Amino acid sequence: METAKKFGAARSGQLLIVAALAIAILIASTSIYVYELTTQKQSAENSSAVELALAVKTSLRNAAVSALANITQGGQKTVLAENLDTLADVYMRLYPQQICQIRYTLLNGSGYEGGVKLSWNSNNGLGVSSVYIPYMLKVLAPAFNVAVNDAINITTTLKVHGFCIVSENETLKTVNLTCMVFNEEKPAQAEWIAIYYEDDSGAWIPVNNPSITDWGNSTYSLLFTVAVASDFVHVSAHVVDARNIFVVANTACSQAS
């Protein structure tokens, strides 16, 4: 029996993880090529500096997304530093004529450890998978210098809430659950959703084939029936977003008044 629902085309998680870093490296290569072409004219120099800074930030974002997707699906947290180091090395190798430095910090504090936050265990209906990376870009070129201090924030947030309707025998309960997915606080798409409930023994049981309605605005309504004696139905929602980042949120669904 299926315990999860997929949305959109099926994708390989590992391929996406590798592809994201490959795209980051490709953007790095392309930005250097574009820069070398445009530096032939003085009037293009300022524009090239801005484009280079934006390309670096885009590359760092792709490397961070790749790492977070890997980490949330069982990978080691060290993959974040490995991805960033690989990207920084690519820029240095492709830009030998000038000094190009990318320095980053892995945040420790405010729920982050080594730049990574996985907040999945609370029962307040909120789950967060996130990386936050302050970085510095410095380019020393003959015609211009670039110095940028910025930060990369990749955050997938899952919010869940719901209620249950009790049947006449008071054991069967129909749960109406709402899941909302966000990327950097903006509405996002879920590629995969699985729901679990806690039975009377305290074990987490997968819900087979819940009815799922995609409202097209990052909101998903789920309907399913479970057999529990308690007044509340404790639910755990597991979601993979379109970036292949995994997140979990838990809540207790009380009886509808």
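General observations
This table checks each residue for (1) surrounded by fewer than 19 Cβ atoms within 10 Å (Cβ to Cβ); (2) of a type in the set (Lys, Arg); (3) part of a loop (DSSP other than H, G, I, E, B); (4) modelled with pLDDT under 95.
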site: Leu118; (1), (2), (3), (4): no, no, no, no
site: Asn121; (1), (2), (3), (4): yes, no, yes, yes
site: Ser129; (1), (2), (3), (4): no, no, no, no
site: Ile133; (1), (2), (3), (4): no, no, no, no
site: Pro142; (1), (2), (3), (4): yes, no, yes, yes
site: Val146; (1), (2), (3), (4): yes, no, no, yes
site: Thr156; (1), (2), (3), (4): no, no, no, no
site: Asn169; (1), (2), (3), (4): yes, no, yes, yes
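- Qualifying residue in region 100-113 (condition: within 20 Å of Asn250 (Cβ to Cβ) and in contact with a Ser or Thr (Cβ under 8 Å, 6 or more places away or on another chain)): yes
- Neighbours by Cβ (under 9 Å, 6+ apart or cross-chain): first from region 214-227, on the phi > 0 side of the Ramachandran plot and modelled with pLDDT of 95 or more; second crowded, with 18+ Cβ neighbours inside 10 Å and not in a strand (DSSP E or B): Ser218/Ala188
Conditions tested, residue by residue: (1) surrounded by 14 or more Cβ atoms within 10 Å (Cβ to Cβ); (2) farther than 23 Å from Gly74 by Cβ; (3) among the basic types (Lys, Arg); (4) in contact with a Cys (Cβ under 6 Å, 6 or more places away or on another chain).
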{"residue": "Thr178", "(1), (2), (3), (4)": "yes, yes, no, no"}
{"residue": "Ala194", "(1), (2), (3), (4)": "yes, no, no, no"}
{"residue": "Ser201", "(1), (2), (3), (4)": "no, yes, no, no"}
{"residue": "Val207", "(1), (2), (3), (4)": "yes, no, no, no"}
{"residue": "Pro210", "(1), (2), (3), (4)": "yes, yes, no, no"}
{"residue": "Gly216", "(1), (2), (3), (4)": "no, yes, no, no"}
{"residue": "Val239", "(1), (2), (3), (4)": "yes, no, no, no"}
{"residue": "Ser254", "(1), (2), (3), (4)": "no, yes, no, no"}
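- For region 184-225, the set of residues classified as in contact with an Asp or Glu (Cβ under 8 Å, 6 or more places away or on another chain) and either assigned to a strand (DSSP E or B) or not assigned by TED's automatic domain parsing to the domain that holds Val239 (or both) consists of Ala190, Glu191, Trp204, Ile205, Tyr220, listed by residue number.
The values are calculated or read from the model by the stated rules, or taken from the named source; none is laboratory data. As the structure is a computational prediction, the values presented were derived from the model and not from experiment. When we count neighbours, we look across all protein chains shown, and the Cβ atoms used for this are built from the backbone with ideal geometry, even at glycine.
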